[in-house]
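No lab work stands behind these numbers, since they all come straight from the coordinates. It should be emphasised that the depicted structure is a prediction, and the values quoted were computed from it without experimental measurement.
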Amino acid sequence: MVRVLANAAVVFALALGALAQDTSDKAVVVHSATAKFAVLPGVPDCVTAAVQHGDPAKEASVFQLKFDSSCVIPFHWHSVNETITGVTGLFQITEKGGKPQAIGVGDYAYMPAKHVHQAKCAGTKPCIVFLHSDGPFVFFFKHKTANEIPPEKALADVNKPADKPGAKPAPKQ
C-alpha cells in the first residue's frame, strides 16, 4: 500500500513539475486566457490545473484550478499548508467530521498540513479557484474508515453521472 501511494505521489509530482513556471526573482503576470491547463494524474479529470508560479513538485507554488460543476475531490490531505481563494462559482470545502463551508468569489480558506478535507464545486456553474501551497504539493487520499488509499480507489465512486439516467460527462474544452 505504501509503495502504491509513493508511486502515485511521484507521478502527480512529475506531472505538476511539467507545468512548472519560472521561479527566478522577476515579476510574473499570467493571463488566464493563455494559461496552460491540464488534467493531472491521481485527481478527478473534472479538475484541470494551470501552474501560475513555482514548481509544485519541488517548492511553494500557485495554481489556478478549474472544476466542472458538481466535481468532487474526495477526502484527502497534503503534507503542506494550502490556501484557496475563490474566483468564480460556489466552491465548497468540508473538513473531516465538519460541515461544508462555502467559498465564493473573493473568499479565502486555509487548510493546514495533514488536515483531512474534501473539495467540491457545489453550484450548477463551474468553479475557478487559486490554490497556494507552501511547499511540494502532493495528494494523499483517505478512506472513511481506513488510512491512506490509492487515488484510483478514492476516485472510483466520485464524479460519475449515474445519479442522472442517460447523463454523460461534459466534454473537456
Members of K36/K99; K66/K99; K99/K125 lying beyond 30 Å, as alpha-carbon distances in this model show | K36/K99
Can you pull the Rg over Rh of region 45-151, Cα-only, Kirkwood?
-> 0.94
